[in-house]
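Novice: Starting off with a structure, shown below.
The values are calculated or read from the model by the stated rules, or taken from the named source; none is laboratory data. Since this is a predicted model, take the numbers as computed values, not measurements. All Cβ positions, even for glycine, are placed from backbone atoms using ideal geometry, and neighbour counts span all protein chains on display.
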Amino acid sequence: MHRAIALYSGGLDSLLSILVIKEQKIEVIAFKFQTGFVLPLKEQDLVYSQKFGFSIEEIDIRKKFFSVLKNPKHGYGKNLNPCIDCKILMLKEAKELMSKYNASFIVTGEIVFQRLMSQKREQILHIENEASLKGLIVRPLSGKLLSATKPELDGIIDREMLYDIWGRGRKKQLLLAQKYGIHKIPQPSGGCLLTDPLFCKKVKDIITYDELTIENVELLKIGRHFRLSEKCKAIVGRDEGENEILMNRKGAVLIHPLDFKGPVILILGEHSEKEIDKACEICVYYSKRKHALIVTRKNEEEKIKEYNAISEAEVVKYRI
Ligand code: SF4
């Protein structure tokens, strides 16, 4: 039995592409590449892998992806999404897995002309060349619109069983989903945070201040973020869940109101009293008070002081 490596985003298109290939009696091993900005594998992904009989694994490529994100050779998309370089990176990783698992080709859920940046026909071919995978990437949903790949020429895949889907519509994919008995329709793509303009403001900030680390990217996913100085940031919890996550950080400076429930603030980076005072004023502001007693906890030492709320204009100035 022939074997293929699939790039799995968690979206409908990547799932369908796996099923189209599986229909041709080819074993599929799917991988989700974790860039730090996409959702991790979910329970539902495992349900699909069991239901449809393909294996699935998540692979952490965050460090390599961060280098790409800081300086993408092909630039960014509409936001901070370096899609072309991201795909090249994923395909290079998949190429290594292809040798490891003795697979004959790679499968992706790409559809021509679906997105502007990386799914134009010529871009698809450029990406393929850059990853040194010419003729080895099968896109089952658009396969009939693209040149025949090596597995088609070698008779491993029947081109007639591929599709000719193109553009942004989803009608044909939904019909295919119905055919395969997919009742809970996943979103079209895996939901990358780098396509969200508001989130990207925070990413740009940590790239600018050379703070792009795995830990800092995880923290971007919670709270409101404030840049207090070149080397110091504050994160303000928005609800009890976020406050608890911030509270559990060891060795950090934590700020919270003394005698009522309010936001917890985490200070990150080098700071002086000036930044701590500013963060305490922010804490009063988000407590919806004019002034309050605020606790600052640093190295297990607690300090209590009364602060006034920061002004609205200053909130706007410091907010990322
Ligand atoms: S949307 Fe995100 S995950 Fe998808 S190719 Fe672009 S950068 Fe990569």
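Novice: Within the range 196-210, track down each residue that is hydroxyl-bearing (S, T, Y) and surrounded by 15 or more Cβ atoms within 10 Å (Cβ to Cβ).
Specialist: Taking the range 196-210 first, the residues hydroxyl-bearing (S, T, Y) are 208-209.
Hit for the range 196-210 is Y209, nothing else.
Novice: Any chance the range 28-45 includes a residue that's more than 13 Å from the ligand (Cβ to nearest atom) and among the hydroxyl-bearing types (S, T, Y)?
Specialist: no
Novice: Any residue at all in the range 194-216 that is in contact with a Cys (Cβ under 8 Å, 6 or more places away or on another chain) and either in the same structural domain as C280 (by TED's automatic domain parsing) or at pLDDT 95 or above (or both)?
Specialist: Just the residues of the range 194-216 that are in contact with a Cys (Cβ under 8 Å, 6 or more places away or on another chain), to begin with: 194.
Those left that are additionally either in the same structural domain as C280 (by TED's automatic domain parsing) or at pLDDT 95 or above (or both): 194.
Scanning the range 194-216, I find at least one residue that is in contact with a Cys (Cβ under 8 Å, 6 or more places away or on another chain) and either in the same structural domain as C280 (by TED's automatic domain parsing) or at pLDDT 95 or above (or both), so the answer is yes.
Novice: Any residue that is polar (S, T, N, Q), closer than 17 Å to I165 by Cβ and within 11 Å of the ligand (Cβ to nearest atom) - is there at least one of those in the range 76-88?
Specialist: Applying the first criterion (polar (S, T, N, Q)) to the range 76-88 yields 79, 81.
Still in the running and closer than 17 Å to I165 by Cβ: none.
Within the range 76-88, not a single residue is polar (S, T, N, Q), closer than 17 Å to I165 by Cβ and within 11 Å of the ligand (Cβ to nearest atom).
Novice: Can you give me the number of residues within the range 155-168 that are in a loop (DSSP other than H, G, I, E, B) and in contact (Cβ under 8 Å) with a residue 40 or more places away in the chain? Give the steps one after another, and end with the answer.
Specialist: At the first step, the residues of the range 155-168 found to be in a loop (DSSP other than H, G, I, E, B) are 155-158, 162-165, 167-168.
The next check asks that each one be in contact (Cβ under 8 Å) with a residue 40 or more places away in the chain; those that pass are 156-158, 162-163, 165, 167-168.
Summing the residues that are in a loop (DSSP other than H, G, I, E, B) and in contact (Cβ under 8 Å) with a residue 40 or more places away in the chain in the range 155-168 gives 8.
Novice: Next question, about the same structure. Does the range 118-144 hold any residues that are farther than 13 Å from H74 by Cβ and in a loop (DSSP other than H, G, I, E, B), and which are they?
Specialist: Passing the criteria: Q119, S132, L133, K134, G135, L136, R139, P140, L141, S142.
Novice: Take S49 and decide whether it is at pLDDT 95 or above, crowded, with 17+ Cβ neighbours inside 10 Å and hydroxyl-bearing (S, T, Y). Working first, answer last.
Specialist: Working: at pLDDT 95 or above: yes; crowded, with 17+ Cβ neighbours inside 10 Å: yes; hydroxyl-bearing (S, T, Y): yes.
Criteria met by S49.
Novice: Right, another one. Are there any pairs with C-beta distances below 7 angstrom linking a residue in the range 85-96 that is under 11 Å from A6 (Cα atoms) and in the same structural domain as E130 (by TED's automatic domain parsing) to a residue that is within 11 Å of the ligand (Cβ to nearest atom) and in a helix (DSSP H, G or I), with the two at least 6 apart or on different chains, and if so which?
Specialist: Between residues of the range 85-96 that are under 11 Å from A6 (Cα atoms) and in the same structural domain as E130 (by TED's automatic domain parsing) and residues that are within 11 Å of the ligand (Cβ to nearest atom) and in a helix (DSSP H, G or I), the close pairs are L91/I127.
Novice: Only one of N243, N299 is polar (S, T, N, Q) and either within 16 Å of the ligand (Cβ to nearest atom) or under 27 Å from the mean Cα position of the chain (by Cα) (or both); which? So that I can check it myself, show each step before the final result.
Specialist: Working: N299 fails: either within 16 Å of the ligand (Cβ to nearest atom) or under 27 Å from the mean Cα position of the chain (by Cα) (or both).
Exactly one of N243, N299 is polar (S, T, N, Q) and either within 16 Å of the ligand (Cβ to nearest atom) or under 27 Å from the mean Cα position of the chain (by Cα) (or both), namely N243.
Novice: Hey, among I56, I127, which residue is more than 13 Å from the ligand (Cβ to nearest atom), touching a residue at least 40 places away in the same chain (Cβ under 8 Å), surrounded by 13 or more Cβ atoms within 10 Å (Cβ to Cβ) and not polar (S, T, N, Q)?
Specialist: Working: I127 fails: more than 13 Å from the ligand (Cβ to nearest atom).
Exactly one of I56, I127 is more than 13 Å from the ligand (Cβ to nearest atom), touching a residue at least 40 places away in the same chain (Cβ under 8 Å), surrounded by 13 or more Cβ atoms within 10 Å (Cβ to Cβ) and not polar (S, T, N, Q), namely I56.
Novice: For the range 173-226, give me each residue that is within 15 Å of the ligand (Cβ to nearest atom) and on the phi > 0 side of the Ramachandran plot.
Specialist: Correct list: G191 only.
Novice: Could you figure out which of (1) buried (at least 21 other Cβ atoms within 10 Å of the Cβ); (2) farther than 24 Å from L141 by Cβ; (3) out of contact with any Leu (no Cβ under 7 Å at 6 or more places or on another chain) isn't true of K87?
Specialist: (2)
Novice: Looking only at the range 247-272, count how many residues are part of a helix (DSSP H, G or I) and modelled with pLDDT of 95 or more. Write out each step before concluding.
Specialist: Here is the first cut: in the range 247-272, the ones part of a helix (DSSP H, G or I) are 247.
Still in the list and also modelled with pLDDT of 95 or more: none.
Qualifying residue count, the range 247-272: 0.
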